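Below: the structure, in structure tokens.
The values are calculated or read from the model by the stated rules, or taken from the named source; none is laboratory data. Here the structure is a predicted model, which means the values were calculated and not measured. Neighbour counts are summed over all protein chains in view; Cβ atoms, including those assigned to glycine, are modelled from backbone coordinates with ideal geometry. In case anyone asks, the SASA skips ligands and DNA or RNA and just uses the protein heavy atoms, side chains included. Shrake-Rupley method; radii C 1.70, N 1.55, O 1.52, S 1.80 Å.
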Amino acid sequence: MQPVNIPPYAINRERWKQLTILEQLGNIGSEVGRTLKLKQRNEDFEPALIRALDLFSATVELLIAQKSYRTKEVLRARDQFLLSLFVKEDPSIETYFMQFAIAARNSR
């Protein structure tokens, strides 16, 4: 795989702050799902992986600034995603994130 030159802050952090935690995790879940599907199809998943990790980082930065108890959960979810991607496939990670997407949609 060729290295991908994506700026460290590829997403608009100001806009990201405006989203609820449910919306943020739902969006992260979309990128997690995209990454896992691309890997299963033996396609280049590196750009999707970088975007997913950037979304995780943006959320964690906000949670740390807020001194939120949710920080550990989001970091744990990131670790589980990476384990599922590189060590042992675990389809439950997509189910975990889907719940946030559904909750975000229902809360509108």
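When you filter the chymotrypsin sites (Phe, Trp or Tyr not before Pro) in the range 8-108 for DSSP loop state and at most 10 other Cβ atoms inside 10 Å of their Cβ, you are left with Y69.
Accessible area of the chain with a 1.4 Å probe: how many percent of it is carbon plus sulfur? Display every interim value, and only then the final one.
Numbers: 3840 of 7280 Å².
Summing carbon and sulfur atoms, their accessible area is 53 percent of the total for the chain.
Loop-located trypsin sites (Lys or Arg not before Pro) in the range 39-98 (DSSP state not H, G, I, E or B) with no more than 15 neighbouring Cβ atoms inside 10 Å: R41, K67, R70, K88. Rounded to 0.05, the FRET efficiency of the L38 and R105 pair, given R0 = 30 Å and the Cβ-Cβ distance, is 0.80. Among A103, S92, F81, whose Cα projects farthest towards the positive end of the dipole of the chain, with charges put on the beta-carbon of Lys, Arg (+1) and Asp, Glu (-1)? Checked the options; the winner is A103. Over the chain, what is the relative contact order in whole percent, taking alpha-carbon pairs under 8 Å and six or more residues apart? RCO, the chain: 36 percent. Cα centroids of the range 90-104 and the range 27-65: 13 Å apart. The phi torsions of the range 48-56, fed into the Karplus equation with coefficients 6.51, -1.76 and 1.60 and a -60° offset, translate into couplings of 5, 4, 4, 5, 4, 5, 5, 5, 4 Hz, rounded to whole numbers, with Gly and Pro shown as x. How much FRET efficiency would the formula 1/(1 + (r/R0)^6) give for K88 and Q66, where r is the Cβ-Cβ distance and R0 is 35 Å, rounded to 0.05? Given R0 = 35 Å and the Cβ-Cβ separation, E is 0.60.
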